[in-house]
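*Asks:* Take a look at this one; I'll ask things after.
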């Protein structure tokens with residue numbers, strides 16, 4: 001085997017290993033970042049002075065989903081410390097699919113690459129009759145789970161939202177697929193307290209939207225349920241890739257040394 005052929009094989013091998021390792025390694029990184037953000041938020045909420053907590057609750061209660069940039073800037077000037085100190089609105093815990101994610105205002109890449117975004121034009125995550133909040137996240141990112149497993153949710157499954165004011169429990173009562181233009185399913189309903197989780201579907205094509213709606217029920221826990229970490233699964237995956245790579249490299253080295261013309 002010529003030197004050029006060897007170089008090409010080594011480069012292809014390295015590229016292949018990188019393709020396998022990247023999503024596993026990035027999932028570990030993303031999980032750690034999300035967990036740290038969620039833990040920091042809950043610690044800050046738990047230790048926050050009552051006055052500051054109430055100020056934050058008041059800001060969220062006055063949230064106008066249709067507010068202009070100028071109106072939001074006015075509110076930021078009025079409550080600079082509260083808004084700037086708490087960029088995370090709350091947390092979303094879905095035990096069934098093992099996710100515990102921070103919630104941000106907005107759905108730009110900056111927010112959706114880190115967690116869940118509150119869809120503009122829908123209610124703040126305060127809950128209450130006549131309210132309908134829509135939370136959206138990516139599905140199928142190579143380096144983060146987020147809403148990848150959202151299709152696994154079934155009618156009757158529960159998810160939990162933690163805000164500065166309270167913990168809220170929602171029970172899935174509707175699952176449907178819509179076109180992006182079909183927004184009626186996202187509108188508030190009189191006397192109903194809804195929270196909808198939304199992501200793109202089908203996987204890779206993203207032509208439609210999967211909606212998983214829940215209605216609020218009485219809390220069955222005092223704090224958000226603990227979610228089992230998937231880190232060990234990713235670590236085992238990395239170990240398997242490393243061992244397979246070493247074995248393949250050894251076989252290549254052995255064959256190249258013993259082959260004809262060596």
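*Asks:* Against the conditions (1) in contact (Cβ under 8 Å) with a residue 60 or more places away in the chain; (2) farther than 26 Å from residue 64 by Cα, where does residue 173 fall short? Just the number, please.
*Replies:* All conditions are met except number (1).
*Asks:* Of the conditions (1) out of contact with any helix residue (DSSP H, G or I) (no Cβ under 7 Å at 6 or more places or on another chain); (2) farther than 17 Å from residue 212 by Cα; (3) surrounded by 19 or more Cβ atoms within 10 Å (Cβ to Cβ), residue 106 clears all except one; give me its number.
*Replies:* Residue 106 satisfies all of (1) out of contact with any helix residue (DSSP H, G or I) (no Cβ under 7 Å at 6 or more places or on another chain); (2) farther than 17 Å from residue 212 by Cα; (3) surrounded by 19 or more Cβ atoms within 10 Å (Cβ to Cβ) except (3).
*Asks:* Sticking with this structure for a sec: Out of (1) at pLDDT 65 or above; (2) surrounded by fewer than 17 Cβ atoms within 10 Å (Cβ to Cβ); (3) under 23 Å from the mean Cα position of the chain (by Cα), what's the single condition that is false for residue 84?
*Replies:* In the conditions (1) at pLDDT 65 or above; (2) surrounded by fewer than 17 Cβ atoms within 10 Å (Cβ to Cβ); (3) under 23 Å from the mean Cα position of the chain (by Cα), residue 84 misses (1) alone.
*Asks:* List pairs: first in the stretch 43-68 and assigned to a helix (DSSP H, G or I), second surrounded by fewer than 12 Cβ atoms within 10 Å (Cβ to Cβ) and modelled with pLDDT under 90, Cβ under 6 Å, 6+ apart or cross-chain?
*Replies:* none
*Asks:* In the stretch 170-197, what count of residues is obtained for those that are assigned to a strand (DSSP E or B) and surrounded by fewer than 19 Cβ atoms within 10 Å (Cβ to Cβ)?
*Replies:* Initial filter on the stretch 170-197 (assigned to a strand (DSSP E or B)): 170-178, 193-197.
Next, only the ones that are surrounded by fewer than 19 Cβ atoms within 10 Å (Cβ to Cβ) stay: 171, 173-178.
The qualifying residues number 7.
*Asks:* Among the residues of the stretch 181-205, which ones are more than 15 Å from residue 122 (Cα to Cα), under 21 Å from the mean Cα position of the chain (by Cα) and touching a residue at least 12 places away in the same chain (Cβ under 8 Å)?
*Replies:* Selection gives 199, 200, 201, 203, 204.
*Asks:* I'd like to know if the stretch 227-235 contains one or more residues that are without any contact (Cβ under 8 Å) to a residue 40 or more places away in the chain, out of contact with any strand residue (DSSP E or B) (no Cβ under 6 Å at 6 or more places or on another chain) and either surrounded by 15 or more Cβ atoms within 10 Å (Cβ to Cβ) or not in a loop (DSSP other than H, G, I, E, B) (or both).
*Replies:* So in the stretch 227-235, the residues without any contact (Cβ under 8 Å) to a residue 40 or more places away in the chain come out as 232-233.
Add one more test, that the residue is out of contact with any strand residue (DSSP E or B) (no Cβ under 6 Å at 6 or more places or on another chain), and what stays is 232-233.
Imposing the further condition that a residue be either surrounded by 15 or more Cβ atoms within 10 Å (Cβ to Cβ) or not in a loop (DSSP other than H, G, I, E, B) (or both) reduces the set to 232-233.
The answer is yes, given that some residue of the stretch 227-235 is without any contact (Cβ under 8 Å) to a residue 40 or more places away in the chain, out of contact with any strand residue (DSSP E or B) (no Cβ under 6 Å at 6 or more places or on another chain) and either surrounded by 15 or more Cβ atoms within 10 Å (Cβ to Cβ) or not in a loop (DSSP other than H, G, I, E, B) (or both).
*Asks:* Within the stretch 212-226, take every residue that is in contact (Cβ under 8 Å) with a residue 60 or more places away in the chain and assigned to a strand (DSSP E or B) and give me the one that is surrounded by the fewest Cβ atoms within 10 Å (Cβ to Cβ).
*Replies:* The selected residue is 216.
The values are calculated or read from the model by the stated rules, or taken from the named source; none is laboratory data. No experiment lies behind these values; they were computed from the predicted model shown. Glycine gets a Cβ as well: all are built from the backbone with ideal geometry, and neighbour counts include every protein chain shown.
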